[in-house]
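Following: one structure in C-alpha cells, then a few remarks.
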Amino acid sequence: QVQLVESGGGLVQAGGSLRLSCAASRSIYSLNTMGWYRQAPGKQRELVAALTKGSTINYADSVKGRFTISRDNAKNTVYLQMNSLKPEDTAVYYCNAVDFIWGEFWGKGTLVTVSS
C-alpha cells in the first residue's frame, strides 16, 4: 500500500507556472511507474506525464515542451513542473503510482485553474 498526497494546485493566469508535488507514504524507489493524470469538467481522466522505474518518461502531446515530470527518491516525492499554462490545462490533477505486485494507487487530486 502507498498513500499519495498532492499539493501545489491553485489559480494562475495563462502563461504562468505551477509546480505540483506528490508525496508518497513510503519509498517510491521500487514503484514501477509514477505519474500525473488530469480530469477536466465533463471529460475523462487522461494521462499527463508518467515516469517509469527505468526513467522512461511519457508526456501527453498537449503538454510536451511545457510540462516536466521528475522524482526525488530521497523525499519520496514526484513533481510536475507546469510552464506556459493555458486555460485548457484547467483540471483536477491526480497523482498515480503503479506497483506490479501491490496494484495501482491514486491521490485525491489537486485543482489547477488557469484563467485567460
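Among the lysines, which fall within straight-line cross-link reach of residue 75, defined as a Cα-Cα distance under 22 Å, with same-chain neighbours fewer than 8 residues apart omitted?
Here the lysines satisfying the reach criterion relative to residue 75 are 53, 108.
Suppose we look only past 24 Å in the calculated P(r) of the chain. What percent of the Cα-Cα pairs does that tail hold? Write out the running numbers ahead of the final one.
On the way: 1263 of 6670 pairs.
Across the chain, Cα pairs with separations above 24 Å total 19 percent.
Please give the net charge around residue 23, taking every other residue with its beta carbon less than 14 angstrom from that of residue 23, where Lys and Arg add +1 and Asp and Glu add -1. Don't skip to the end; give the middle numbers.
Values: positive: 19, 26, 71, 75, 108; negative: 6, 72.
Charge balance near residue 23 sits at +3.
Among 63, 87, 73, whose Cα lies farthest out toward the positive end of the dipole of region 23-112, if unit charges sit on the beta carbon of Lys, Arg (+1) and Asp, Glu (-1)?
The one lying farthest along the dipole's positive direction is 73.
With a 1.4 Å probe and every protein chain kept in, tell me what percent of the accessible surface of the chain is carbon plus sulfur.
Details: 3120 of 6200 Å².
Percent of accessible area from carbon and sulfur atoms in the chain: 50.
Under a 5 Å amide H to amide H cut-off, with H placed in plane at 1.01 Å, what residues pair with residue 76 once short-range neighbours are removed?
Amide H to amide H, under 5 Å and 5 or more residues apart or across chains, residue 76 pairs with 28.
Please compute the net charge surrounding residue 109, taking Lys and Arg as +1 and Asp and Glu as -1 over other residues with Cβ under 11 Å from its Cβ. Kindly include the intermediate steps, with their values, before the conclusion.
On the way: positive: 38, 45, 108; negative: 6.
Residues near residue 109 contribute +2 overall.
Under 5 Å between amide hydrogens, which residues at least 5 positions from residue 67 or on another chain qualify, with H placed 1.01 Å from N in the peptide plane?
Distant-sequence amide H within range of residue 67: 83.
Averaged per residue, what accessible surface does region 4-73 expose to a 1.4 Å probe, in Å²? Walk me through the intermediate numbers first.
Values: 3720 Å² over 70 residues.
Computed with neighbouring chains in place, this is 53 Å² per residue.
Could you run the Karplus curve 6.51 cos²θ - 1.76 cosθ + 1.60 with θ = phi - 60° over region 12-21 and give me ³J(HN,Hα) per residue in whole Hz, x for Gly and Pro?
3J(HN,Hα) across region 12-21, in whole Hz: 9, 7, 4, x, x, 10, 9, 10, 8, 10.
The values are calculated or read from the model by the stated rules, or taken from the named source; none is laboratory data. Keep in mind the model is a prediction, meaning the values are calculated, not measured. Using ideal geometry, Cβ is built from the backbone for each residue, glycine included, and neighbour counts are taken over all protein chains shown. Keep in mind that these areas ignore ligands, DNA and RNA; they rest on the heavy atoms of the full protein, side chains included. Shrake-Rupley method; radii C 1.70, N 1.55, O 1.52, S 1.80 Å.
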